[in-house]
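Asker: Sending over a structure as structure tokens; questions will come in a sec.
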Ligand code: DQA
């Protein structure tokens with residue numbers, strides 16, 4: 001099965017972006033590690049990143065047509081603002097695992113609430129890029145059931 005991994009705004013800047021919070025790994029590094037891990041689980045991954053809310057919504061709408069079996073979503077700051085992304089995730093009828101590199105509950109109050117969580121099976125936060133591999137494991141388990 002194929003897992004669609006959607007990354008929101010500013011995640012293209014990983015490596016250079018606030019490394020004390022997000023680490024030194026680039027999104028390409030995370031993609032390579034996630035793909036290698038998924039392969040061991042017999043899963044494929046399609047990695048995408050956009051700074052545009054509308055583009056992310058479009059990708060969620062297309063997920064079924066693109067034959068995705070599940071989604072991993074790190075919506076960046078849209079996590080805390082986007083009802084549009086929530087609505088798209090609610091209607092896609094695929095299992096969603098939410099990922100954040102940082103532990104959003106340890107940070108500013110405005111990062112504590114997530115709209116994405118309302119559409120997700122669960123959330124992994126605070127483990128850096130390794131969280132994506134953890135999300136693959138969670139989905140491998142869910143897809144087996
Ligand atoms: C983030 C946390 C968000 O609050 C922030 O806006 C991001 C990254 C994370 O992965 O820790 O862009 O989603």
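Values quoted throughout were computed directly from the atomic coordinates according to the rules given, and no laboratory measurement underlies them. Remember, predicted model here, so these are calculated numbers, not experimental data. Every residue, glycine among them, receives a Cβ derived from its backbone with ideal geometry; neighbour counts consider all protein chains shown.
Asker: Which one, 44, 131, 58, has the greatest fluctuation when you compute a Gaussian network model over the chain with C-alpha springs under 10 angstrom?
Answerer: Maximum fluctuation in the GNM of the chain, among the listed residues, is at 58.
Asker: Taking Cα pairs under 8 Å and at least six residues apart, what relative contact order does the stretch 4-122 come out at, in percent? Kindly include the intermediate steps, with their values, before the conclusion.
Answerer: Details: 167 pairs, mean separation 34.7, N = 119.
Contact order relative to length: 29 percent.
Asker: Using a Gaussian network for the chain with springs between C-alpha atoms less than 10 Å apart, which of these wobbles most: 114, 52, 82?
Answerer: Among 114, 52, 82, the largest GNM mean-square fluctuation belongs to 52.
Asker: Within 10 Å of each residue's Cβ, count the other Cβ atoms and sort 47, 110 from fewest upward.
Answerer: 110, 47
Asker: Turning to a different aspect of this structure: What nm value, rounded to one decimal, do you get for the distance between residue 64 and residue 145 when each label is placed 7 Å out toward the C-beta?
Answerer: 2.1 nm
Asker: Let me ask something else about it. Rank 135, 36, 69 by mean-square fluctuation in a GNM of the chain with C-alpha springs under 10 angstrom and give only the top-ranked residue.
Answerer: Of the options given, 36 has the highest mean-square fluctuation.
Asker: While we're here: For the stretch 2-144, what does the equivalent ellipsoid look like in terms of its semi-axes, each the square root of 5 times an eigenvalue of the Cα gyration tensor, given largest first in whole Å?
Answerer: Whole-Å semi-axes of the equivalent ellipsoid: 20, 18, 14.
Asker: Counting other beta carbons within 10 Å of each residue's own, what order do 111, 17 fall into, fewest first?
Answerer: The most exposed by this proxy come first: 17, 111.
Asker: Counting other beta carbons within 10 Å of each residue's own, what order do 73, 121, 57, 83 fall into, fewest first?
Answerer: Going from sparsest to densest Cβ surroundings: 83, 121, 57, 73.
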